[in-house]
Amino acid sequence: SRFDYSALKWRLNQKTLQTACLQTAVPSVWLRQLMQNSAQLPKPALLLPNMVDCQTFSPQSADDKKAIRRQLGLVSEMPTILLGAAQLDNPYKGITHGLAALRLLASQGVVFQVLLVGAPSPDISSQFADLKPVYTGYIETASRMNDVYAAADVLLYPSLADNQPLQILEALAANLPV
């Protein structure tokens with residue numbers, strides 16, 4: 001048919017948005033600008049940034065770092081690379097790209113250990129088997145996550161899609177390079 005359904009849908013959306021009592025909230029300036037550029041919203045979206053609690057996410061002492069590494073089963077003096085996501089098999093988190101980067105480091109003789117945060121699937125476990133990672137599983141509390149940041153020397157963040165990733169902000173607050 002030659003009828004333009006997309007134009008009809010756009011007009012219906014406009015009418016609905018102008019008559020509805022809606023307030024849109026977004027976590028970043030980028031997303032707010034994207035929404036404003038869509039010309040669909042009658043009023044600007046509220047910016048509600050994700051905040052990091054710097055009382056919880058903060059640097060720890062060298063002694064605490066060693067104790068946390070022992071507790072996690074890590075070698076105390078070996079460089080530790082942290083890689084994680086709530087779901088390690090989520091393709092948007094780029095874990096396979098992170099794995100490729102880790103394998104490249106290993107192939108060049110760089111000695112390190114891998115600390116994986118998140119629930120590993122059997123597929124992820126088999127892909128990482130040669131690197132012998134230490135798995136933490138899903139971390140339930142912010143204070144425990146701060147401990148994990150303290151145990152690492154660097155956060156590898158290969159995500160392919162994130163709006164305002166808290167993991168980066170938390171790691172930086174804990175003085176962990178990203």
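The values are calculated or read from the model by the stated rules, or taken from the named source; none is laboratory data. Here the structure is a predicted model, which is why all the values come from computation and not from measurement. Positions of Cβ are backbone-derived with ideal geometry, glycine not excepted, and every protein chain shown enters the neighbour counts. In case anyone asks, the SASA skips ligands and DNA or RNA and just uses the protein heavy atoms, side chains included. Shrake-Rupley method; radii C 1.70, N 1.55, O 1.52, S 1.80 Å.
Side notes on the structure shown:
- R0 of 25 Å, Cβ-Cβ distance Phe112-Asp64: FRET efficiency to nearest 0.05: 0.75
- In Å², nearest 10: area of Leu46 left accessible to a 1.4 Å probe: 90
- Taking the Cα centre of the chain as origin and assigning +1 to Lys and Arg Cβ atoms and -1 to Asp and Glu Cβ atoms, the resulting dipole is close to 760 debye.
- Label point 7 Å beyond Cα of Ser121 along Cβ direction - residues of region 89-107 with amide nitrogen under 11 Å: 89-92
- When DSSP beta bridges are restricted to pairs lying wholly in the chain, around 5% turn out antiparallel.
- Per-residue SASA entry for Lys15, accessible area with 1.4 Å probe, Å² rounded to 10: 140
- Taking every protein chain into account, the 1.4 Å probe leaves Arg103 with about 90 Å² of accessible area, to the nearest ten.
- Three-way shape label, region 51-178, alpha-carbon gyration tensor, a/c 1.5: oblate
- For the pair Ala7 and Lys43 in one chain, pulling the backbone fully straight at 0.36 nm per residue adds 10.8 nm over the alpha carbon distance.
- The residues of region 39-99 expose, per residue, 60 Å² of accessible area to a 1.4 Å probe.
- Accessible carbon and sulfur surface of region 84-178 relative to its total accessible area, %, 1.4 Å: 58
- Computed per residue of the chain from DSSP H runs no shorter than four, each worth -39500 (n - 2.57), the mean residue ellipticity at 222 nm is -12000 deg cm²/dmol.
- Difference of contour (0.36 nm per residue) and Cα-Cα distance, Gln87 to Leu166: 26.9 nm
- Long-range lysine pairs (8 or more apart or interchain), region 41-178, Cα under 27 Å: 4
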